[in-house]
Amino acid sequence: MNNRAKSFSRSSAAYRCGFFQAGFSLLEMSIVLLVIGLLLGGSLVPLSVQMEKRDRDSTRNQLLDMREALVGYALVNGRLPCPDTDGDGLIDISTTCTNVGGGFPWADLGLGKEDAWGQAFTYRVSGDFADTTDGTGCAASPTAGLSFSLCSVADINVLDGASGSAVASAIPAIIISHGKNWAITSSGDEAENSDSDGVLVERGFSNSASPTFDDLVVWVVPNILKSKMVSVGLVFGDSSNNGNNGNNGNNGNNGNNGNNNSCENSNGNSNNCNN
């Protein structure tokens, strides 16, 4: 074979090789892109779920810190704080709370301005636990400087649905994050946490079951609040009852408050025990 023929043969082989290599490379790339698309599409839902879980965990931790701040405020001031009613983060009070429901007083308490979705928390307090009148609601002799006594009974109740069963009764204060949807749903359970009465709902998270519910709720447990007040040397009620009431607050009632004994006393909300 002469040089010209050899050169032509090599060029033809190179062309054929290049053609088939290019064709195979495009096919291979198409398959890779298809696989990547399927993987990305399949990961979108789990990723959104993970992000919501992260936001809910962050908000739940905020709520627990905010509850501790409420108890600390009561230990220092002898009463729970009134809500913020005008959005400035400050407690609004005259001799009684201007309103018992409103925003969390984040500026005065130093935390709790917004949840993980950038929304304000809702805060409600029982008026007898937040006014400036000594021992409101008790017939016994009040202790000077304390808004409530051992015999004071709060007026906030928590149910497991809008028309459900009691989860906790006679709660002094409660804090709510309305979740990612900020109660913009037709859920009657979420609507119960957005109205102005003292009945609120705490139940399991649900994005699909009717009615939906993504609120996060924590509350101050009355017997724990009272026992902490007693433990730091604050006196409640008249002297004839202080000993027995103090012992019950420290030893008996803490383990038997509401319907969710250990869960409620350690966390103040039923969901935390299940998550």
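The values are calculated or read from the model by the stated rules, or taken from the named source; none is laboratory data. Everything numeric in this text was worked out from a predicted model, so none of it was measured. A quick note on method: Cβ atoms are made from the backbone with ideal geometry, for glycine too, and the neighbour counts reach across all protein chains shown. The protein model used for the area step is the full one, side chains on, heavy atoms only, and it has no ligands, DNA or RNA in it. Shrake-Rupley method; radii C 1.70, N 1.55, O 1.52, S 1.80 Å.
Its alpha carbons give segment 128-197 an Rg and a Dmax of 15.8, 47 Å. Here each label is just a point 7 Å from Cα along the line to Cβ, and for Ser231 and Met51 those points are 4.1 nm apart. Under Stokes-Einstein, with the Kirkwood radius over Cα pairs as Rh, the value for segment 90-227 at 20 °C and 1.002 mPa s is 135 µm²/s. Taking 22 Å as R0, compute the FRET efficiency from the Cβ-Cβ separation of Glu68 and Ile184 and round it to 0.05. After rounding, the FRET efficiency stands at 0.15. Put simply, the amide H of Thr143, placed in the peptide plane, has neighbours under 5 Å in Gly135, Gly237, leaving out anything fewer than 5 places away on its chain.
Residue separation of Ser58 and Ser210 scaled by 0.36 nm, minus their Cα-Cα distance, works out to 52.2 nm of gained length.
Label sites at Asn157 and Glu114, each approximated as a point 7 angstrom past Cα along Cα to Cβ, lie 3.6 nm apart.
Of the accessible area of segment 33-82, computed with a 1.4 Å probe over protein heavy atoms only, carbon and sulfur atoms account for 70 percent. Modelled label positions at Ser165 and Val35, each set 7 Å beyond Cα in the direction of Cβ, lie 5.3 nm from each other. Largest to smallest in accessible area, the residues Thr85, Thr59 fall in the order Thr85, Thr59 (1.4 Å probe, all protein chains included). Restricting the calculation to Cα atoms, segment 96-135 yields a radius of gyration followed by a Dmax of 12.0, 39 Å.
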